[in-house]
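Q: Got a structure here, written out as structure tokens. Questions coming.
The values are calculated or read from the model by the stated rules, or taken from the named source; none is laboratory data. Everything quoted here is computed from the prediction, not taken from an experiment. Reconstructed Cβ throughout: ideal geometry from the backbone, glycine too, with neighbour counts over all protein chains shown. In case anyone asks, the SASA skips ligands and DNA or RNA and just uses the protein heavy atoms, side chains included. Shrake-Rupley method; radii C 1.70, N 1.55, O 1.52, S 1.80 Å.
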Amino acid sequence: MTNHHSSDTASRPMVVASTTGDVTGDRIPDHVYLTGTKTADSPFVQQITLHVRDGRTGMLTSVALKENVGYNPTLYVGDFTGNGVEEILISMATGGSGGIMNYYIVSYMGNKPTWLFDFEAYNNLYSYEVTYLDHYKVLVTSKLNNETYMIDLSLKGADYLNEVYDRNGKLKQPISGFVNPLSGLYPIDFDGNGVCELLAYQKIAGRYNADSLGFIMNTLGWKNNRFELENQYLAIFGG
């Protein structure tokens with residue numbers, strides 16, 4: 001009987017993150033929280049659900065997330081659109097080796113959820129090509145904005161370079177790398193006007209995931225009813 005009772009407790013939804021902010025737009029703080037079910041002795045959370053309790057009326061509304069499993073789900077509220085009302089940023093780790101994260105931003109104006117940011121849509125829209133070139137170079141192309149970047153591999157060390165290049169600096173065989181899905185999405189008010197922009201991190205990998213070459217860093221701002229690319233940077237590691 002005790003066993004049955006303990007497993008029952010383990011599968012009951014519990015609050016896994018909570019915060020407060022005016023997300024309904026009536027100037028009164030609301031209670032925003034995530035629930036999920038946890039397995040005993042594991043940080044893995046399933047059936048992650050968003051709840052908003054209206055601070056003025058006490059009305060509770062809940063919304064299921066499309067991707068509703070992950071590790072360490074967190075909440076952040078801030079004004080992303082400039083309408084003076086806070087929106088809800090939900091993040092959760094996938095637990096994969098690449099440090100890939102899932103993110104949603106939800107507007108809850110008038111207690112009606114509207115999805116403003118979806119990590120899957122972002123990952124599909126922002127596509128890249130990573131191509132090794134002769135003489136210790138890697139060409140990275142961002143297709144959405146048609147920008148190109150060059151990474152110099154010459155600081156990578158002899159062992160690395162000898163695997164990939166012959167003694168004349170020619171590629172032994174063609175190599176393509178890849179850019180991972182989102183591994184970080186950070187709210188930052190870059191221009192100090194009280195509206196949060198987003199800084200999105202995506203890891204650039206060479207021959208395999210652990211072969212890190214740097215990061216694509218995109219800054220996004222709310223414009224024309226969506227998050228648009230404002231600036232793009234390629235960050236490299238020191239050698």
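One line per residue, one yes/no per condition, for (1) of a type in the set (S, T, N, Q); (2) at pLDDT 95 or above; (3) touching a His at 6+ places or on another chain (Cβ under 7 Å); (4) open to solvent by less than 70 Å² (accessible area, probe 1.4 Å):
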residue	(1), (2), (3), (4)
His5	no, no, no, no
Ala10	no, no, no, yes
Gly21	no, yes, no, yes
Arg27	no, yes, no, no
Met59	no, yes, no, no
Gly78	no, yes, no, yes
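Q: Got a number for residues in segment 116-145 being surrounded by fewer than 16 Cβ atoms within 10 Å (Cβ to Cβ) and under 29 Å from Trp222 (Cβ atoms)?
A: Total satisfying the criteria: 10.
Q: Scan segment 100-113 for residues that are open to solvent by 40 Å² or more (accessible area, probe 1.4 Å) and either in contact with a Gly (Cβ under 8 Å, 6 or more places away or on another chain) or under 17 Å from Arg56 (Cα atoms) (or both) and report the count.
A: Final tally of qualifying residues: 3.
Q: Which count do you get for residues in segment 209-239 that are over 13 Å from Leu153 (Cα atoms) and either open to solvent by less than 30 Å² (accessible area, probe 1.4 Å) or at pLDDT 95 or above (or both)?
A: Total satisfying the criteria: 21.
Q: To continue, here is another question. For segment 146-162, name all the residues that are exposed (fewer than 11 other Cβ atoms within 10 Å of the Cβ) and over 32 Å from the mean Cα position of the chain (by Cα).
A: Ala158, Asp159
Q: Okay, next question. Of everything in segment 194-208, what is more than 12 Å from the chain's Cα centre (by Cα), touching a residue at least 12 places away in the same chain (Cβ under 8 Å) and surrounded by fewer than 21 Cβ atoms within 10 Å (Cβ to Cβ)? Give them in sequence order.
A: Passing the criteria: Gly194, Val195, Glu197, Ala205, Arg207.
Q: Right, next: Every residue in segment 25-62 that is assigned to a strand (DSSP E or B), of a type in the set (Lys, Arg) and within 22 Å of Gly110 (Cα to Cα), please.
A: Arg53
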